[in-house]
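Notes follow once the structure below has been shown.
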Amino acid sequence: MGATSVADMYNWAIPAAGGPPLLIAPFWDDLDPTFTDSSGNVSYLYDAANHRFIIEYSRMQHVHDPTSPTPGELQTFEVILYDPQYYPTQTGDGEILFQYMDITNDDVWHNYSTVGIEDYEHTTGLEYTFANIYPDAAAPLANNRVIKFTTDPPDTFYGVEEIENGLATTKYWLNISPNPFTQMINIRYMIHDPGYTEQEFRKPSVRIYDVSGRLVKSFNLESSIMNHESSLWWDGTDDVGNRVTEGVYFVSLQGIQLDITKKVVLVE
């Protein structure tokens, strides 16, 4: 991720040339582990078993008023970086999690805190908050809150198919958890297609493929699943009952004019 000599405690909006390149900012403000009442530190852990890297700011002193430094609250939060080889996204980018245990965003002297991410050139970024201003869809910083940066759409995203007469109301979604998995995954799905009767509806299926495109497991579903949420379990075996090897697999929900696929990772 590179290195930087920037050590300015003053925060800016995102994107901004005033900060370091490749910025990951869970709480960009004036934090000092050596200040009067601070009892914490910045620690990191490479969690090899779960394929993630964790950086924790524990009981960090929040300093107010740069003209007359004043101790504020002790802040505790962490950043988790996930290995995209084991936590795949549709773009191949790694997901980032901000987790807040004890957080107070009240530094009016420093425009409150900045939260977000930014690229190397300082030209593109995603700002969650600056100067205590939030987008309409964003919840304010609070204890026990988590912010996730991902390129995947929400799990309950509805797909929309276009037909000859304009925009149809065909809707579907596919949700898989846990991912990665070691023993079993739960595959939840829904198909809603009022443009076809059950007799016309090609029998839907859930199929699982390996990275070479080989079909390893198939589940034939009843047409009656239409317009209802349903689920099934996959235990990591193929169609003849053999346990498949560790790696990336693709779960596909298929039907007439429908093919939605998500990646899953089996780890031993």
Would you please name the residue that is modelled with the lowest pLDDT, looking only at residues in the stretch 177-194 that are surrounded by 13 or more Cβ atoms within 10 Å (Cβ to Cβ) and over 28 Å from Asn50 (Cβ atoms)?
Asp193
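Does any residue of the stretch 224-240 turn out to be more than 30 Å from the chain's Cα centre (by Cα), modelled with pLDDT of 85 or more and either surrounded by fewer than 11 Cβ atoms within 10 Å (Cβ to Cβ) or among the β-branched types (Val, Ile, Thr) (or both)?
If we filter the stretch 224-240 for residues that are more than 30 Å from the chain's Cα centre (by Cα), which is where we start, we get 224, 239-240.
Restricting the remaining residues to those that are modelled with pLDDT of 85 or more gives 239-240.
Next, only the ones that are either surrounded by fewer than 11 Cβ atoms within 10 Å (Cβ to Cβ) or among the β-branched types (Val, Ile, Thr) (or both) stay: 240.
Scanning the stretch 224-240 turns up at least one residue that is more than 30 Å from the chain's Cα centre (by Cα), modelled with pLDDT of 85 or more and either surrounded by fewer than 11 Cβ atoms within 10 Å (Cβ to Cβ) or among the β-branched types (Val, Ile, Thr) (or both).
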All but one of (1) part of a loop (DSSP other than H, G, I, E, B); (2) modelled with pLDDT of 85 or more hold for Asp155; which doesn't?
(2)
So the check is Cβ under 6 Å with 6+ separation or different chains; which pairs have a first residue in the stretch 100-122 that's at positive phi and a second one that's part of a strand (DSSP E or B)?
Gly116/Ala25; Gly116/Gly125; Gly116/Leu126; Gly116/Glu127; Gly116/Tyr128
Return the residue satisfying two criteria in turn: it lies in the stretch 205-223 and is in a loop (DSSP other than H, G, I, E, B) and modelled with pLDDT of 75 or more, and of such residues it is farthest from His51 (Cα to Cα).
Leu221
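Kindly indicate whether Asp107 is surrounded by 17 or more Cβ atoms within 10 Å (Cβ to Cβ) and either under 24 Å from Ala13 (Cβ atoms) or at pLDDT below 90 (or both). Before you say what the answer is, go through the steps one by one.
Numbers: surrounded by 17 or more Cβ atoms within 10 Å (Cβ to Cβ): yes; either under 24 Å from Ala13 (Cβ atoms) or at pLDDT below 90 (or both): yes.
The answer is yes for Asp107.
Yes or no, residue by residue, for (1) within 29 Å of Leu174 (Cβ to Cβ); (2) of a type outside the set (S, T, N, Q); (3) in contact with a Cys (Cβ under 8 Å, 6 or more places away or on another chain):
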{"site": "His51", "(1), (2), (3)": "yes, yes, no"}
{"site": "Gly92", "(1), (2), (3)": "yes, yes, no"}
{"site": "Tyr100", "(1), (2), (3)": "no, yes, no"}
{"site": "Asn111", "(1), (2), (3)": "no, no, no"}
If Thr197 satisfies all but one of (1) at pLDDT below 70; (2) surrounded by 12 or more Cβ atoms within 10 Å (Cβ to Cβ); (3) among the hydroxyl-bearing types (Ser, Thr, Tyr), what's the number of the condition it fails?
(2)
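Scanning for something in contact (Cβ under 8 Å) with a residue 60 or more places away in the chain, under 19 Å from the mean Cα position of the chain (by Cα) and under 30 Å from Glu246 (Cα atoms), does the stretch 48-65 turn up at least one residue? Reasoning before the result, please.
Of the stretch 48-65, the ones in contact (Cβ under 8 Å) with a residue 60 or more places away in the chain are 51.
Still in the list and also under 19 Å from the mean Cα position of the chain (by Cα): 51.
Checking the rest, the ones that are also under 30 Å from Glu246 (Cα atoms) come to 51.
There is at least one residue in the stretch 48-65 that is in contact (Cβ under 8 Å) with a residue 60 or more places away in the chain, under 19 Å from the mean Cα position of the chain (by Cα) and under 30 Å from Glu246 (Cα atoms).
The values are calculated or read from the model by the stated rules, or taken from the named source; none is laboratory data. Keep in mind that what you see is a predicted model, and the values were worked out from it rather than measured. Don't worry about glycine lacking a Cβ; one is built from the backbone with ideal geometry, like all the others, and counts go over all protein chains shown.
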